[in-house]
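> Got a structure for you, written out below as structure tokens; questions coming shortly.
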Amino acid sequence: SSGINAEYGMALGVLVALNQFLFLLSHTLWYPVLTFALRFAQGSLGGTIIITTAEAMINVFPSHTTTVIAASETIQYAGIATAPLVGALLYSLGGYWLPFLVFGGFTFLTGFLAFCIPGEGSKSEPYTVLQSVSLLLGNWRIIFAAWHSTVCLIMVYYIVPVLGVWADETLGMGVQWTGMVLFVSSLALSISSNVVALIVDRAGPYVFLIASSVLLPFVYAFIGPLPLLKISPSTIQLICSLTALGVVAPMGFIPCMSAMFDAYSPYHTPPPRSALIAMTSLFYVTFPVASALSFTSSGIMATYLDFPWSTSALMFAFLLQTVGACLVFGRRKKTSAYWGNLFI
């Protein structure tokens, strides 16, 4: 990887704009095929842009990797939080085609502007990226950190596909109100991500990783809420619980990048750039994997369980991860390399 690969941004903008024409094929057999193909291509390009951009920023600030990751995630969460509101507004103004045209055009424009940013020259590395990937896959602590990030992200993404329908049927909340609730949760998640990252870069990741493992099931019990608690669902209960989820969830996945670096370099020496690229890729792969698993599982579980019981089932399943995280991360000793930088 060298630079930001802006040509991918321009290609992504074109593909997003092409979505507006799918409406013309909605009653044909081509619709599901082309929809899947476009979404697959958009996901591939988007993932490439995210990884190369994060790698470029980490390469500039190698001693503040967690802060860089949190800043990158904040930008993504800002897009996730505002896109439904902006998309709904554009849809009300111009119909189906306008949101795709505006988002696609804006993405193409930013890709073109990024094209003007010069890339870095190549540097000699002790390992190729593929060799670094094979080394990472042989380190079970790195794999467990990536898995922990995936599981914590599933807890965040799981509610998105089914929340709107349940809130509308149970609480009478329309699409706009549901969007505002998710916006508040995303805002809390963005703020928490940056605060956690600043502390992790100085004090290490393990306290947050263990705390998130304990707190996430507790928070999830109040989202449904857990039927055994005998709490009646309400708008205030939903807003408070999702805000708490936004605060606690980053403690689970933001420190995982630092834990992966620590597992690769126990004495906190900077890893070679090839390993940096491989670990950045592995970390960011957890986001689409968690998204795919959570959206699929939430759709399946919604067929058999209502929203309170499905979130409760996920909460009980996460308790296994709580035990594993406490055993793995709890045995890591805090070194002077971390605590010496606490107040620097």
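> Specify the residue that is surrounded by the fewest Cβ atoms within 10 Å (Cβ to Cβ); the eligible residues are those in region 248-275 that are at pLDDT 75 or above and farther than 15 Å from ARG202 by Cα.
Here the residue is ALA263.
> Could you tell me whether region 101-121 includes any residue that is over 29 Å from ASN19 (Cα atoms), part of a helix (DSSP H, G or I) and at pLDDT below 75?
Within region 101-121, none of the residues are over 29 Å from ASN19 (Cα atoms), part of a helix (DSSP H, G or I) and at pLDDT below 75.
> Filter region 168-178 for residues that are open to solvent by less than 30 Å² (accessible area, probe 1.4 Å) and either out of contact with any helix residue (DSSP H, G or I) (no Cβ under 8 Å at 6 or more places or on another chain) or among the hydroxyl-bearing types (Ser, Thr, Tyr) (or both) and give the result.
THR178, the sole residue that qualifies.
> Residue check: is SER241 open to solvent by less than 20 Å² (accessible area, probe 1.4 Å) and under 19 Å from VAL162 (Cβ atoms)?
Values: open to solvent by less than 20 Å² (accessible area, probe 1.4 Å): yes; under 19 Å from VAL162 (Cβ atoms): yes.
Taking the combined requirement at face value, the residue satisfies it.
> Find the residue count for region 207-255, including only residues that are in contact with a Leu (Cβ under 8 Å, 6 or more places away or on another chain) and without any contact (Cβ under 8 Å) to a residue 24 or more places away in the chain.
Looking only at that region, the number is 1.
> Could you please find all residues in region 162-219 being closer than 30 Å to LEU305 by Cα and in a loop (DSSP other than H, G, I, E, B)?
Passing the criteria: GLY172, MET173, GLY174.
> Among the listed residues VAL181, VAL156, VAL195, VAL165, which satisfies the condition of being out of contact with any strand residue (DSSP E or B) (no Cβ under 8 Å at 6 or more places or on another chain), open to solvent by 50 Å² or more (accessible area, probe 1.4 Å) and under 21 Å from ALA83 (Cα atoms)?
Of VAL181, VAL156, VAL195, VAL165, the one residue that is out of contact with any strand residue (DSSP E or B) (no Cβ under 8 Å at 6 or more places or on another chain), open to solvent by 50 Å² or more (accessible area, probe 1.4 Å) and under 21 Å from ALA83 (Cα atoms) is VAL165.
For every residue, the table says whether it meets (1) surrounded by fewer than 22 Cβ atoms within 10 Å (Cβ to Cβ); (2) in contact with an Asp or Glu (Cβ under 8 Å, 6 or more places away or on another chain); (3) in a loop (DSSP other than H, G, I, E, B); (4) at pLDDT 85 or above.
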{"site": "ILE277", "(1), (2), (3), (4)": "no, yes, no, no"}
{"site": "THR311", "(1), (2), (3), (4)": "no, no, no, no"}
{"site": "PHE318", "(1), (2), (3), (4)": "yes, no, no, yes"}
{"site": "LEU327", "(1), (2), (3), (4)": "yes, no, no, no"}
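> Scan region 17-72 residue by residue and report those that are among the β-branched types (Val, Ile, Thr), in contact (Cβ under 8 Å) with a residue 40 or more places away in the chain and either more than 21 Å from SER193 (Cβ to Cβ) or open to solvent by 20 Å² or more (accessible area, probe 1.4 Å) (or both).
THR48, ILE49, ILE50, ILE51, THR53, THR67
The values are calculated or read from the model by the stated rules, or taken from the named source; none is laboratory data. The shown structure was predicted, so the numbers you read here are calculated from the model rather than taken from an experiment. All Cβ positions, glycine included, derive from the backbone under ideal geometry; neighbour counts span all protein chains shown. In case anyone asks, the SASA skips ligands and DNA or RNA and just uses the protein heavy atoms, side chains included. Shrake-Rupley method; radii C 1.70, N 1.55, O 1.52, S 1.80 Å.
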